[in-house]
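> My structure is below; once you've seen it, I'll send some questions.
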Amino acid sequence: MQSDAGTSGFTTTDGVAVVTLDSPPVNALSKALRSHLATALRAADADPAVRAIVLIGAGRGFSGGADITEFNAPPAAPTLHDVLDVIDASGKPVVAALHGVALGGGLELALTCTYRVAAPCAKLGLPEVKLGLLPGAGGTQRLPRVVGVEAALDMIVSGDPVSASKAQAIGLVDEVVPGDLKAGAIAFANRVAGATIRRTRDRDDKLEAARADAGLFDRYRSANARRFRGFEAPAACLKAVQGAVELPFNDGVAQERALFVQLLSGEQSAAQRYAFFSERLAAKVPDIADDTPTLPIKKVGIIGAGTMGGGIAMNFLNAGIPVAMVEARAEALERGRATIRRNYDNTAKKGRLKPEDVETRMGLLSPGLELEALADCDLVIEAVFEEMSVKKDLFGRLDGIVKQGAILASNTSYLNIDEIAATTARPEHVIGLHFFSPANVMRLLEVVRGAKTDPSVVATSMQLAKTIGKVAVLVRVCHGFVGNRMLSARQDQANTLILDGAMPWDVDRVLTGFGMPMGPFQMADLAGLDLGWTRERSTGQTVREVLCEAGRFGQKTGGGFYDYDEARNRTPSPVAERAILDISAHEGRTRRTVTDQEILERCLYPMINEGAKILDEGIASRASDIDVVWINGYGWPIYRGGPMFYADTVGAGTIVERLRAYELPTSPLLDRMAREGGRFNK
Ligand code: 3HC
C-alpha cells in the first residue's frame, strides 16, 4: 500500500515513510535539498501512520555531499547540522538506502541515520581532504563510532571511498541489498521498526580500543608524514578524529566545526576546490556543442611497444577495449607484451586486480609486426621515435592502410600535428593524444587539436579520455604544447641558475620545498640526459653535453647531475659540480650567491609568463586548463592550485616587477594585467 508524497515531502509504503534526495546531477546537499529533508523528516516523524523512515537518493546516487558551490558564501539555514539534528531527535528509526555514491556530507547524513543499507554498486567515502577540508558535519565524530578509529582514519585521511562489501565488512553498512534497493530498504525498516533506537552519537564501544592506545595518533602521524608533506588538511583530520576519542560528542563536533571553518577560509582549500572545478571545466570545449556526434571506438591500434606504447595500450585494455599493438621487431614486441603482463601480475599480487581480470585484459591484446593489422582499428595512436621525418613517413603509410573514418593520433610531445596531418589525405581525422609517462599511471592527456581536426574527432577524443580515466585538456599546436613548453621555460632558467652560482641540488631543494615531487635536475636524471643527445652532434658547450660525453646519462647509468647507489639513492655529484664550474668559467661568468627566493622566482615566473603567452595565442582556452595540465601531468602541488592560480595569489604586478629585475622578458598579457590589476582567473 502506497500513499502519495503530497506536501509532506515523503511517500508511505507499508508504514514506512520514504524521503527522497532529488537534486540532479549528484544530489548535492544544497539549501533547497536541506530544507526539503528537514521538513520531510520532521513530518514523517510526526505522522502516526509512519513506523520507520527510509532516506534514499533519486537518479545515479545517494549524494555527492555538501554543495561545494555554496562554500564561498556564509552558511544558509537550515544547515546540514540542522538536518542531522532532526534525525537525531527522531523517535523512529531512519534507514539510509545507498546506491551510486554516498560522499562527504552525503555519507555524514547516512552516518547519522540509525541504519545503513546499500546496493552492491555503492561507494561510500569522505573525500573532503581532497578539497583541502575535513568532514565538517560530524563525520570525524560519527565514523569512528561506527567503524572504529583506525578504519575511520584510513577513510578520512585518504579520502578514498570504500565499496559496499568493504563497508559491510567494517560495519559501516548493516545490509547489502542485491535487488531492488528501495524495496529492500523498506523491508529492512519494517524489521527494525519499534526496536530501541541507538543513535550513532551515543555509541562509544568502537572508541574503546583507541582510548586504550595512547600512541595511536602519533604513530599514524609519523607513518604518514611523507604523504602529508605540504598539506594542511590531513593533520586537521587527525586532530578532529582524536577529538572523537578524547572529547564528549558535542565538544568533538565543535572542534571539528572550528577546524573545518579554518580550512575552508585558507588558501589550500581554495586552491583544491578550484582544481576540482577546473578539471570538470576542462572537459567542456567552448566551441564544440555537447551534442556533437562522436565516433565509436571499438578497437584501438598502438604503434610502438616500448614504455610509452605499452603504457598507452594498458589504458584501453583496462577499459575493456581491444588493442592491436604493432612493433617493427619481434623481440621488442615480445618485450612490450611481457612488460604489460608483468605490470598486471604485479598489480594482482598486491591484491588490486583479480587473476581472471589479468587474463581478460591480456586476452584483449593482439601483438603484431605489420601495420596492416591496424586496418580495422577505429583509432590508431603512434608512439614511435620523436622525429618528424619518422612520424611523417608513418602517417603517410597509415593513411593508405587504416580504414576511412578512423582517427589517426600521434603521441608526440613537441612536434607540429598539422605538419604530420598534411602527409595524409584525411587531416580532419588527425589529432595529437599526448600521454604522460608512465602512461598507465599519469592522469593527464593533452589532446592536441590541429588546424583541420574535425569537431567530432575532438569530441570523441575528449569522451574517450573520460572512458579511460584520464583528465583531458584540449590544446592547440605549438612546440611542446602547454606542458612541455612551460617546462622548457623553467628548464632554461634552471640551466642558467647553475652557471650563475647555484648548484642543481639547490634548485631541486627549492622546488621540492615548494611542493613539486622532484626538481628539474632530478627530473632530468630520471628521464635520461641523453634524450635527444648524440655523440656526433655534441659540442661539449653545455653541462648536459659534458655529462653525456662522460657517459653520465642519469639514473640509468648510475650518475648524471647526481650519483646514484644500487638502491637509486642520490647524492650530489662532484663530477657534475666540476663540469658546472668549468662551463661557468669558460663562459666568463663570475659565480655569485643565488638566494632561494631568486631560484624560486626565476624558475616559476618565466613559466607563468609562458602560460600568459599560451593564453594570448589561444593555445589553451583558459588559465584553469593550464593549471589542470600542471597538476595532473607534472605534479604541481594541488594545494597551490596550478601556476596560473599561484600567479593570481602573487599578483601580476609583482611577477612583472621581479621578471624585469632579472632582465627576463614579460609578455604583453602579463604586462597588461600588471598595469590594470588583472587576474588569470576572474
Ligand atoms: N557540489 C556541487 N557540485 C558538485 C558536487 C558537489 N559536491 N559534486 C559534483 N558536482 C557537480 C560537478 O561540478 C559537475 O558539474 P558540471 O556538470 O557543471 O561540470 C556535476 O556535478 C557532475 O559531476 P562530475 O562530472 O564529477 O560527475 P561524475 O559522475 O564523474 O562524478 C561525483 C560524480 C563522484 C559525485 C564527483 O562529482 C565528485 O567526486 N564530487 C565531489 C564529492 C565531494 O568531494 N564531496 C564532498 C563535498 S564537501 C562536504 O561534503 C563537506 C561536508 O563534510 C560538510
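The values are calculated or read from the model by the stated rules, or taken from the named source; none is laboratory data. Remember, predicted model here, so these are calculated numbers, not experimental data. Cβ atoms come from the backbone with ideal geometry, glycine included; neighbour counts cover every protein chain shown. Please note that ligands, DNA and RNA were not included when accessible areas were found on the heavy atoms of the full protein model with its side chains. Shrake-Rupley method; radii C 1.70, N 1.55, O 1.52, S 1.80 Å.
> Kindly establish whether ILE156 is of a type in the set (Val, Ile, Thr), without any contact (Cβ under 8 Å) to a residue 60 or more places away in the chain and more than 9 Å from the ligand (Cβ to nearest atom). Give the derivation first.
Numbers: of a type in the set (Val, Ile, Thr): yes; without any contact (Cβ under 8 Å) to a residue 60 or more places away in the chain: no; more than 9 Å from the ligand (Cβ to nearest atom): yes.
Judged against the criteria, ILE156 is not a match.
> Take the range 250-301 and flag every residue that is closer than 30 Å to GLN404 by Cβ, open to solvent by 60 Å² or more (accessible area, probe 1.4 Å) and in contact with a Ser or Thr (Cβ under 7 Å, 6 or more places away or on another chain).
Passing the criteria: PRO286, PRO293.
> Just need a number here: residues in the range 455-472 that are buried (at least 20 other Cβ atoms within 10 Å of the Cβ) and of a type in the set (D, E, K, R).
Going through the range 455-472 one residue at a time, the tally reaches 1.
> Now for a separate question. Which one of the conditions (1) free of Cβ contacts under 8 Å to residues at least 40 places away in the same chain; (2) open to solvent by 50 Å² or more (accessible area, probe 1.4 Å); (3) over 19 Å from ALA185 (Cβ atoms) does ASP67 fail to meet, given that it meets all the rest?
The failed condition is (2).
> Run down PHE316, PHE276, PHE249 and say which single residue is in contact (Cβ under 8 Å) with a residue 24 or more places away in the chain, more than 13 Å from the ligand (Cβ to nearest atom) and within 25 Å of THR79 (Cβ to Cβ).
Only one candidate qualifies: PHE249.
> Could you please let me know if ILE417 is in contact with a Gly (Cβ under 6 Å, 6 or more places away or on another chain), among the aliphatic types (A, V, I, L, M) and buried (at least 22 other Cβ atoms within 10 Å of the Cβ)?
Values: in contact with a Gly (Cβ under 6 Å, 6 or more places away or on another chain): yes; among the aliphatic types (A, V, I, L, M): yes; buried (at least 22 other Cβ atoms within 10 Å of the Cβ): yes.
Here the answer is yes, as ILE417 does meet what is asked.
> Name the residue, out of LEU172, LEU134, that is near the ligand (Cβ under 8 Å from one of its atoms) and not in a helix (DSSP H, G or I). Quick ask: steps written out before the conclusion?
Numbers: LEU172 fails: near the ligand (Cβ under 8 Å from one of its atoms).
After ruling out the rest, the residue left standing is LEU134.
> Right, something else. Looking only at residues in the range 534-562 that are within 35 Å of the chain's Cα centre (by Cα) and surrounded by fewer than 17 Cβ atoms within 10 Å (Cβ to Cβ), which one is farthest from ALA502 (Cα to Cα)?
Among those that are within 35 Å of the chain's Cα centre (by Cα) and surrounded by fewer than 17 Cβ atoms within 10 Å (Cβ to Cβ), it is LYS556.
> Considering only residues that are more than 10 Å from the ligand (Cβ to nearest atom) and touching a strand residue (DSSP E or B) at 6+ places or on another chain (Cβ under 8 Å), which ones fall in the range 283-300?
VAL285, LEU295, ILE297, LYS299, VAL300
> Within the range 348-381, count every residue that is of a type outside the set (A, V, I, L, M), crowded, with 17+ Cβ neighbours inside 10 Å and under 25 Å from the mean Cα position of the chain (by Cα). Before you say what the answer is, go through the steps one by one.
Restricting attention to the range 348-381, the residues satisfying the condition of being of a type outside the set (A, V, I, L, M) are 349-352, 354-357, 359-361, 363, 366-368, 370, 372, 376-378.
So of that shortlist, the ones also crowded, with 17+ Cβ neighbours inside 10 Å come out as 361, 367, 377-378.
Then drop every residue that is not under 25 Å from the mean Cα position of the chain (by Cα), which leaves 361.
Of the residues in that region, 1 qualify.
> Can I ask one more? Hey, does the range 402-410 have a residue that's open to solvent by 30 Å² or more (accessible area, probe 1.4 Å), in contact with a Gly (Cβ under 6 Å, 6 or more places away or on another chain) and not in a helix (DSSP H, G or I)? Explain how you work it out, then say what you get.
Filtering the range 402-410 for residues open to solvent by 30 Å² or more (accessible area, probe 1.4 Å) gives 403-405.
Next, from what is left, pick out any that are in contact with a Gly (Cβ under 6 Å, 6 or more places away or on another chain): none.
No; the residues of the range 402-410 include none that is open to solvent by 30 Å² or more (accessible area, probe 1.4 Å), in contact with a Gly (Cβ under 6 Å, 6 or more places away or on another chain) and not in a helix (DSSP H, G or I).
> Among the listed residues ALA110, ALA38, ALA77, ALA58, which satisfies the condition of being within 16 Å of the ligand (Cβ to nearest atom), open to solvent by 40 Å² or more (accessible area, probe 1.4 Å) and out of contact with any Gly (no Cβ under 8 Å at 6 or more places or on another chain)?
Numbers: ALA110 fails: open to solvent by 40 Å² or more (accessible area, probe 1.4 Å); ALA38 fails: open to solvent by 40 Å² or more (accessible area, probe 1.4 Å); ALA58 fails: open to solvent by 40 Å² or more (accessible area, probe 1.4 Å).
Result of the check over ALA110, ALA38, ALA77, ALA58: ALA77.
> Taking the conditions exactly as written (open to solvent by 30 Å² or more (accessible area, probe 1.4 Å) and at negative phi), does PRO438 satisfy them or not? First the steps, then the outcome.
Numbers: open to solvent by 30 Å² or more (accessible area, probe 1.4 Å): yes; at negative phi: yes.
Taking the combined requirement at face value, the residue satisfies it.
> Could I ask something else about it? For LYS123, indicate whether it is of a type in the set (Lys, Arg), within 11 Å of the ligand (Cβ to nearest atom) and closer than 18 Å to LEU238 by Cβ. Show your work before the answer.
Numbers: of a type in the set (Lys, Arg): yes; within 11 Å of the ligand (Cβ to nearest atom): yes; closer than 18 Å to LEU238 by Cβ: no.
No.
> Quick one: would you say ARG227 is part of a helix (DSSP H, G or I), out of contact with any helix residue (DSSP H, G or I) (no Cβ under 6 Å at 6 or more places or on another chain) and modelled with pLDDT under 95?
On the way: part of a helix (DSSP H, G or I): yes; out of contact with any helix residue (DSSP H, G or I) (no Cβ under 6 Å at 6 or more places or on another chain): yes; modelled with pLDDT under 95: yes.
Yes.
> Let me ask you something else. Residue pairs, Cβ under 6 Å, 6 or more apart or interchain, first in the range 87-103 and open to solvent by less than 10 Å² (accessible area, probe 1.4 Å) and part of a loop (DSSP other than H, G, I, E, B), second at pLDDT 95 or above and of a type in the set (S, T, N, Q). List them.
Cβ pairs passing all conditions: PRO93/THR114.
> Do any residues in the range 25-42 that are over 14 Å from ALA76 (Cβ atoms) have Cβ atoms under 7 Å from those of residues that are of a type in the set (S, T, N, Q) and in a loop (DSSP other than H, G, I, E, B), where the two are at least six apart or on different chains, and which pairs are they?
Every condition considered, the pairs that remain are ALA40/SER8; LEU41/SER90.
> Here's something else I'd like to know. State the number of residues belonging to the range 206-229 that are open to solvent by 80 Å² or more (accessible area, probe 1.4 Å) and acidic (Asp, Glu).
Number satisfying all stated conditions: 2.
> Out of the residues in the range 634-678 that are under 17 Å from GLN597 (Cβ atoms) and in contact with a Lys or Arg (Cβ under 7 Å, 6 or more places away or on another chain), state the one that is most open to solvent (accessible area, probe 1.4 Å).
The residue in question is TYR662.
> Please tell me if ILE608 is farther than 14 Å from LEU659 by Cβ, in contact (Cβ under 8 Å) with a residue 24 or more places away in the chain and not aromatic (Phe, Trp, Tyr). Lay out the reasoning, then the answer.
Working: farther than 14 Å from LEU659 by Cβ: no; in contact (Cβ under 8 Å) with a residue 24 or more places away in the chain: yes; not aromatic (Phe, Trp, Tyr): yes.
No.
> Looking at the range 585-602, is at least one residue surrounded by 23 or more Cβ atoms within 10 Å (Cβ to Cβ), within 30 Å of VAL656 (Cβ to Cβ) and of a type in the set (A, V, I, L, M)?
The initial filter retains those residues of the range 585-602 that are surrounded by 23 or more Cβ atoms within 10 Å (Cβ to Cβ), namely 599, 602.
Narrowing further to those that are within 30 Å of VAL656 (Cβ to Cβ): 599, 602.
Now drop any that are not of a type in the set (A, V, I, L, M), which leaves 599.
Yes: the range 585-602 contains one or more residues that are surrounded by 23 or more Cβ atoms within 10 Å (Cβ to Cβ), within 30 Å of VAL656 (Cβ to Cβ) and of a type in the set (A, V, I, L, M).
> So which of ASP530, ASP492 is open to solvent by 20 Å² or more (accessible area, probe 1.4 Å) and either over 22 Å from ARG578 (Cβ atoms) or in contact (Cβ under 8 Å) with a residue 60 or more places away in the chain (or both)? I'd like the intermediate steps shown before the answer.
Values: ASP530 fails: either over 22 Å from ARG578 (Cβ atoms) or in contact (Cβ under 8 Å) with a residue 60 or more places away in the chain (or both).
Matching residue, one of ASP530, ASP492: ASP492.
> Now for a separate question. Taking helices (runs of 4 or more DSSP H) that do not extend beyond the range 594-665, which have at least 1 residues that are more than 22 Å from the chain's Cα centre (by Cα) and on the phi < 0 side of the Ramachandran plot? Steps first, please.
Working: elements: 596-616, 623-634, 643-650, 652-661.
Qualifying helices (runs of 4 or more DSSP H): 596-616, 643-650, 652-661.
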